[in-house]
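Peer 1: Okay, here's the structure, questions in a sec.
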Amino acid sequence: MKILVTGGTGYIGSHTVVELLTEGHEVTILDNLSNSDERVVDRIEAITKVRPGFVNGDIRDKETLDRIFTDTAYDAVIHFAGLKAVGESVQKPLMYYENNIAGTLNLLKSMGENGCKNIIFSSSATVYGTPAFVPITEECPKGTCTNPYGWTKSMIEQIMTDLYISDNEWNVVLLRYFNPIGAHESGTIGENPNGIPNNLMPYVTQVAVGRLKELGVFGNDYNTHDGTGVRDYIHVVDLAIGHVKALSKLQAGSGLSIYNLGTGQGYSVLDIVKNFEEATGVKIPYVIKPRRPGDIDECYADPSKAEKELGWKAERGIREMCADSWRWQKNNPNGYDD
Ligand code: NAD
Ligand code: UD1
């Protein structure tokens, strides 16, 4: 299939492009490089021996989108492009609504006008808010998001649902990711956050490589087995493969569908520290800090719907996730800067 991947030089996008090319799909990336690096395209080529197309452009620019869709008849779009820093979204809500929502509206308009009505969207477990129950099934009601980033995901899901209701020619797959970590086993592509990381695993790897002194563990009085927050960490390569499986579903004309992409297994912050140390032999000093506002006790998926309907199941365990995150960080202490 001919696939347009928005945000394809980013963390999850780059791993997905590798899996798509490996399966023989033709891929063009559209990315404005606001949170990624064009050198990712070289690294994807080095892994797969195929160079994806690359357009340096913005989903808010309708002319660029129209040109892309008139030049090539894409079979589907995988839509990763978006801003994702939770704290920044609280400081700059309009920037987030503009980039994520207005950008997605442009993309959907251009797709519809040019006859490409198949889309996979990167949603998040954040749409469940404080989950009504765990493990979380897709039937779990959506909740109140604690930040504008989360609301953009929830609203885009609604926009795509309404679009499908208005025109059944659309095929929409909403993928709700749990907590992606890890990196490609080659250690050549991985997560490359700007500044001090907000998320747990990049913080841990930067402590391990000596860029940061110690990990702050946000709260040890949660209602969990050791008091620290529990999440469903999923290897980014498993997540990427989930997109390839979802494409077959789209191709079959599936209408609107929603899947949780997680492992079904929850790990606490201290479980992650312990597994990282055991997988890599590197000690992670940590201190207990106050809770981070907006955090919840525990969040993990029931991923059985994706297994049943997509034939997809996460295969990589927590040790492999830690080892692969570490290989990427160790080989690239400054990300894509040499
Ligand atoms: P990322 O920042 O690494 O990738 C996003 C990419 O989109 C970047 O390369 C960025 O340059 C590009 N981009 C942003 N705005 C754009 C615009 N207006 N036009 C064109 N390109 C633009 O993030 P990621 O971790 O790979 O996440 C990919 C998607 O998955 C995002 O939509 C994110 O919200 C979603 N998601 C991520 C997580 C996670 O934990 N990483 C969890 C749930 C959902
Ligand atoms: C966060 C976002 C979520 C987003 C996801 C991926 C919030 C409330 N949620 O999820 O919307 O989709 O990132 O970008 O921000 N932790 C520490 N010390 C750290 C960092 C994290 O103890 O330095 C703990 C957290 O308290 C949490 C766990 O580690 O218990 C995971 O945190 P994180 O990686 O930020 O992911 P989420 O909070 O699950």
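The values are calculated or read from the model by the stated rules, or taken from the named source; none is laboratory data. No experiment lies behind these values; they were computed from the predicted model shown. For neighbour counting, all protein chains shown are included, and Cβ atoms are generated from backbone atoms with ideal geometry for every residue, glycine included.
Peer 1: If residue 125 satisfies every condition in (1) closer than 22 Å to residue 318 by Cα; (2) touching a helix residue (DSSP H, G or I) at 6+ places or on another chain (Cβ under 8 Å) but one, which is the exception?
Peer 2: Unmet for residue 125, out of (1) closer than 22 Å to residue 318 by Cα; (2) touching a helix residue (DSSP H, G or I) at 6+ places or on another chain (Cβ under 8 Å): (2).
Peer 1: Being surrounded by fewer than 22 Cβ atoms within 10 Å (Cβ to Cβ), more than 10 Å from ligand 1 (Cβ to nearest atom), more than 22 Å from residue 299 (Cα to Cα) and modelled with pLDDT of 95 or more is the requirement here; does residue 115 meet it?
Peer 2: So residue 115 passes the test.
Peer 1: If you don't mind, another one. Go through (1) out of contact with any Lys or Arg (no Cβ under 7 Å at 6 or more places or on another chain); (2) at pLDDT 95 or above and name the single condition residue 125 misses.
Peer 2: (1)
Peer 1: Okay, moving on. For region 30-63, name all the residues that are within 16 Å of ligand 2 (Cβ to nearest atom) and part of a helix (DSSP H, G or I).
Peer 2: none
Peer 1: Would you pick out the residues in region 33-81 that are within 15 Å of ligand 1 (Cβ to nearest atom), basic (Lys, Arg), surrounded by fewer than 19 Cβ atoms within 10 Å (Cβ to Cβ) and within 25 Å of residue 186 (Cβ to Cβ)?
Peer 2: Across region 33-81, the qualifying residue is only 39.
Peer 1: Has region 115-122 got any residue that is under 22 Å from the mean Cα position of the chain (by Cα), assigned to a helix (DSSP H, G or I) and farther than 21 Å from residue 33 by Cα?
Peer 2: No, that holds for no residue.
Peer 1: Okay, moving on. For residue 297, are the conditions met, namely being acidic (Asp, Glu), in contact with a helix residue (DSSP H, G or I) (Cβ under 6 Å, 6 or more places away or on another chain) and touching a residue at least 24 places away in the same chain (Cβ under 8 Å)?
Peer 2: no
Peer 1: Let me ask something additional. Hey, among the residues in region 114-158 that are β-branched (Val, Ile, Thr) and more than 11 Å from ligand 2 (Cβ to nearest atom), which one's nearest to residue 63 (Cα to Cα)?
Peer 2: Once the filter is applied, the top-ranked residue is 119.
Peer 1: Could I ask something else about it? Pairs only if they're at least six apart or on different chains, beta carbon under 8 angstrom, first in region 141-155 and under 15 Å from residue 299 (Cα atoms), second surrounded by fewer than 21 Cβ atoms within 10 Å (Cβ to Cβ) and of a type in the set (D, E, K, R); list them, first residue then second.
Peer 2: Within 8 Å, the pairs are 142/157.
Peer 1: Follow-up question, since we're still on this one. Could you tell me whether any residue of region 84-99 is more than 30 Å from residue 293 (Cβ to Cβ), away from ligand 2 (no atom under 16 Å from the Cβ) and either small (Gly, Ala, Ser) or not in a loop (DSSP other than H, G, I, E, B) (or both)?
Peer 2: No, region 84-99 contains no residue that is more than 30 Å from residue 293 (Cβ to Cβ), away from ligand 2 (no atom under 16 Å from the Cβ) and either small (Gly, Ala, Ser) or not in a loop (DSSP other than H, G, I, E, B) (or both).
Peer 1: Restricting to helices (runs of 4 or more DSSP H) lying wholly in region 235-338: which have 3 or more residues that are within 14 Å of ligand 2 (Cβ to nearest atom), buried (at least 17 other Cβ atoms within 10 Å of the Cβ) and at pLDDT 95 or above?
Peer 2: So the answer is 269-280, 318-331.
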